[in-house]
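The structure under discussion appears below in the form of structure tokens.
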Amino acid sequence: MDIRKSFLEFFSAKSHAIIESSPLVPDDASLLFTNAGMVQFKDIFTAQAPIPTNPRATSSQTCIRAGGKHNDLDNVGYTARHHTLFEMLGNFSFGDYFKEDAIAYAWEFVTSKEYLHLPIEKIWVTVHNDDDEAFALWSKHIDPSRIIRFGDKDNFWQMGDTGPCGPCSEIFYDQGEEHFSSSEDVMGGDGDRFLEIWNLVFMQYERSTEGTLTPLPKPSIDTGMGLERVVAIKEGQINNYHSSLFMPIIRRIESLVGKEYNGNASFRVIADHLRSVSFLLAQGVNFDKEGRGYVLRRIMRRAIRHGYLLGLRKPFIYQLVDTLNDIMGASYPYLIEKSQAIKSAMMMEEERFLTTIESGIKLFHEELENTTEKFSGEVAFKLYDTYGFPLDLTQDMLREKNIELDKEAFETHMEAQKAQSRASWSGSGDAVATGEFKELKEKYGLNTFVGYTQTTAQTKVVALLDEAFKIVETLDGKGWVMLETTPLYAQSGGQCGDSGRLLVGERVIAIEDTQKFHDINLSFIEGLLSQNDSVEVIVDTKHSDIARNHSATHLLHAGLRAVLGDHVAQAGSLNDDKKLRFDFSHPKAMSPEETEQVEAWVNERILGKLQTTTRVMSIDDAKSSGAVALFGEKYGDEVRVVSFGAESIELCGGTHVSNTSDIGLFLIAKESGVSAGVRRIEAICGREAYQMTKAMRQELSSIKTELKGQDALSGIAKLKDQIKSLKNELTNTLNSSKKDLEVVEINGIATIVAEVENGDIKALIDEAKNKYPKIAIMLLMKKEDKVMIACGSKDTPIKAGEWIREIAPIVGGGGGGRPDFAQAGGKDTTKIDEALETSKAYLRTHL
């Protein structure tokens, strides 16, 4: 039985719109990752967005709980039901049906023969203590003795300290007393006998800042069912990892390790972490030192360490990707599409960590032997900073030994060194979060963008907002204007927002920027303007340069895929009037030849005069046409497809040239790395490329002038030959001026104390150390009004650093160094002889 498919079809038949799983990286600054099915509907539930035409929705949402407030990472592998990545099946009502239908739908899906058909005698239900309505509704379906009441801790849900909230009702499945019999294996306990499979949240109140609960005029429904748990139950398993979602991966690990699973937690950790790492990489998250990329690295390195425990010493996780694709690829095709890029990124990260893991584990065990109560925070920091061990990996290792970490000491070292920039995920908290966009949209709707075909427009001011995004009738100063129709492009998809000017009668108001807030196109201005003013809007001429760079970016993307391979995927971009920047997935730096090939590929398409075509079609038709879509971008039912001949076809809402020949010359200025598995190209075109070419020609002309008209390369080659020849002459002159250094033997040890006139005294010391098996040497050299001192020791009791500290003060200086080599400087050249004699006396005393 395909439970995911059955669930979606069940609710589709109940008039629910099937909504695709949203990206794991949410469009929500308060969240690290999408951690529940309702995340993509948050704005609807909080009334920040209008209720959709169909007020019913259903989805199977991929979620990650491995960082921030919701973090199950420590439990993964050690319990039967925790995962870093899981799928949440959900049905949602936005002010439409409420408790009665939500409970009836859940009961039907769980018990009917056509769907889950779970034994009724195995099912239990919980409701909130005060929710008599839910109790009565459930009593229509299940014996009241199997309905348990709990308080706020278990059966009340709220999004935050304020806002929508309400009681919830949970459905539990009894996995059998024969399997679980501890004191916690009761309803409400922490045992696994009674397994929660579905939570129905009844959003019926609004909580104020004072804590007062006010009934909502249109209460809503938010439910979540764990797919992994239900699959295990249907397959007769009491452990999620023993279901068909995980066992093929565990069997593949067995074949790599050469030993059987037999319940070993390391197999479960690797199988789980493979899923979350693969999905995050496929969706464009990359290994990094901070933020989401660092969470990804923590998960990956935890899996590598468990492979190390199983005896694996070479990269292995990437070899599990094909097995995961066999299980989940049909439901999530992008896993297969990105398979090679996923494997490459994994392999690089594995190789990187495997170079340090053995040394780190050795240090860990050495410190463990010295640990009585708490493991050293300083050593934990060293493991983190030097050997790449995330803190929770060290804690994981200590957990296996039942030893606590001195977390406070670790944090002290972290703060002192400032080694890790910690990103804040507490939310933006700025004016945008409290702006009056909902009121704006409800009153005026959305404005119309006409910038695809025109750069000027006669229009009127629909609304004005001050800098705090509060609606005002008249603006006198800085703020935002909403125009009825506008040719100004709002920043989106990597293309910067347009600037321009407003003509209000004879007055001119500068437009500094254009942004999109909740799908409303707003332009930032400073001036005097009133609602309903008639205006003429003129887009800045920089707009055409931005369009050139945006079109060149599309060609660059296609060129990279043509030269490097189909694994290349966009990971970010920026297009303004001066340059373009394109981030893309690729496991290593491009060679100069590859960079040249890509640059040539793009310029050939520019010279080919490819006509730009734009078509609006359904998202399915667009994908069928071969259009490249960017993961994580929100697309509507209809999308805009931009094509340059057959060479480049992408979903894009930006502005472009009408023909590739309008781009002009294209030059790659720089290729560099952004993070593991992500490269960046910075390029210029059009007038900027012309200016760069002009500057290069002028520079070349200046070089030729300096070379007396010679060809630049041959002239430079001649200069290099001359320099080499002069260096050789200088070396020969210095060598010929060397005087033999007098060697005095003291107790079988060669000693040299001398003043030299020229040369490299460090090199002279190295030569002497190479020549004699045991030697102590001190050299001084007068250089203008200063004294240079260096000394060395090889297999003698003399320590160079201590020796030089005795001598340097004589010539008015100081210095130090290692036992084998030290150097110093002085200011008194008249004391060189005294320094030499004292050096000899030091040797006689210590040898």
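The values are calculated or read from the model by the stated rules, or taken from the named source; none is laboratory data. As the structure is a prediction and not an experimental result, all values here were calculated from the model. All Cβ positions, even for glycine, are placed from backbone atoms using ideal geometry, and neighbour counts span all protein chains on display. These accessible areas exclude ligands, DNA and RNA; they are computed on the full protein's heavy atoms, side chains included. Shrake-Rupley method; radii C 1.70, N 1.55, O 1.52, S 1.80 Å.
Things worth noting here:
- In region 95-121, the residues that are exposed (fewer than 15 other Cβ atoms within 10 Å of the Cβ) and either over 17 Å from residue 166 (Cβ atoms) or of a type in the set (A, V, I, L, M) (or both): 112, 113, 114, 117, 119, 120, 121
- Selection of first residues in region 262-282 that are closer than 12 Å to residue 345 by Cα and of second residues that are hydroxyl-bearing (Ser, Thr, Tyr), restricted to Cβ pairs under 6 Å at least 6 apart or on distinct chains, gives the following pairs, ordered by first then second residue: 282/334.
- Region 199-251 - residue that is aliphatic (A, V, I, L, M), farther than 21 Å from residue 37 by Cα and within 31 Å of the chain's Cα centre (by Cα) and, of those, surrounded by the most Cβ atoms within 10 Å (Cβ to Cβ): 249
- Against the numbered list (1) within 19 Å of residue 83 (Cβ to Cβ); (2) modelled with pLDDT of 95 or more, residue 299 comes up short only at (2).
- Single residue of 730, 726 found to be open to solvent by 50 Å² or more (accessible area, probe 1.4 Å), closer than 30 Å to residue 700 by Cα, of a type outside the set (Ser, Thr, Tyr) and out of contact with any helix residue (DSSP H, G or I) (no Cβ under 7 Å at 6 or more places or on another chain): 726
- Restricted to region 55-131, the set of strands (runs of 3 or more DSSP E) holding at least 2 residues that are under 30 Å from residue 290 (Cβ atoms) and in contact (Cβ under 8 Å) with a residue 24 or more places away in the chain comprises 56-64, 85-93.
- Test: residue in region 701-714 that is among the hydrophobic types (A, V, I, L, M, F, W, C) and touching a Leu at 6+ places or on another chain (Cβ under 9 Å): yes
- Those residues of region 478-506 which are among the charged types (D, E, K, R) and closer than 15 Å to residue 549 by Cβ, in sequence order: 498
- Region 787-816, residues that are of a type in the set (Gly, Ala, Ser), more than 16 Å from residue 763 (Cα to Cα) and either in contact (Cβ under 8 Å) with a residue 60 or more places away in the chain or part of a strand (DSSP E or B) (or both): 814, 815, 816
- Candidates 763, 768 - the one that is open to solvent by 30 Å² or more (accessible area, probe 1.4 Å), part of a helix (DSSP H, G or I) and hydrophobic (A, V, I, L, M, F, W, C): 763
- When 754, 822 are checked against the criterion of being surrounded by 14 or more Cβ atoms within 10 Å (Cβ to Cβ), among the small types (Gly, Ala, Ser) and over 54 Å from the mean Cα position of the chain (by Cα), a single residue qualifies: 754.
- From the list 338, 374, the lone residue that is of a type in the set (Lys, Arg) and touching a strand residue (DSSP E or B) at 6+ places or on another chain (Cβ under 7 Å) is 374.
- Selection count, region 682-699, where residues are farther than 22 Å from residue 555 by Cβ and either in contact with a helix residue (DSSP H, G or I) (Cβ under 6 Å, 6 or more places away or on another chain) or open to solvent by less than 80 Å² (accessible area, probe 1.4 Å) (or both): 1
- Among the residues making up region 26-46, a single one is open to solvent by 50 Å² or more (accessible area, probe 1.4 Å), assigned to a loop (DSSP other than H, G, I, E, B) and not small (Gly, Ala, Ser): 27.
- Residues of region 825-847 that are open to solvent by less than 30 Å² (accessible area, probe 1.4 Å) and within 16 Å of residue 742 (Cα to Cα): 836, 839, 843.
- With a requirement of 2 or more residues that are over 26 Å from the mean Cα position of the chain (by Cα), the strands (runs of 3 or more DSSP E) lying completely within region 515-613 that satisfy it span 520-530, 534-539.
- Total residues in region 388-406 satisfying the condition of being in contact with a Lys or Arg (Cβ under 9 Å, 6 or more places away or on another chain), of a type outside the set (S, T, N, Q) and surrounded by 14 or more Cβ atoms within 10 Å (Cβ to Cβ): the figure is 11.
- In summary, residue 368 fulfils each of the numbered conditions (1) in contact with a Phe, Trp or Tyr (Cβ under 8 Å, 6 or more places away or on another chain); (2) within 27 Å of residue 85 (Cβ to Cβ); (3) open to solvent by 20 Å² or more (accessible area, probe 1.4 Å) with the single exception of condition (2).
- Some residue of region 160-183 being open to solvent by less than 30 Å² (accessible area, probe 1.4 Å), free of Cβ contacts under 8 Å to residues at least 40 places away in the same chain and touching a strand residue (DSSP E or B) at 6+ places or on another chain (Cβ under 7 Å): no
- Members of region 382-411 that are β-branched (Val, Ile, Thr) and assigned to a helix (DSSP H, G or I): 394
- Residue in region 81-90 that is within 32 Å of the chain's Cα centre (by Cα) and of a type in the set (Phe, Trp, Tyr) present: yes
- Within region 486-510, the set of residues being at pLDDT below 90 and within 15 Å of residue 447 (Cβ to Cβ) comprises just one member, 492.
- Yes/no for residue 571 being closer than 28 Å to residue 318 by Cα, without any contact (Cβ under 8 Å) to a residue 60 or more places away in the chain, among the aliphatic types (A, V, I, L, M) and open to solvent by 30 Å² or more (accessible area, probe 1.4 Å): no
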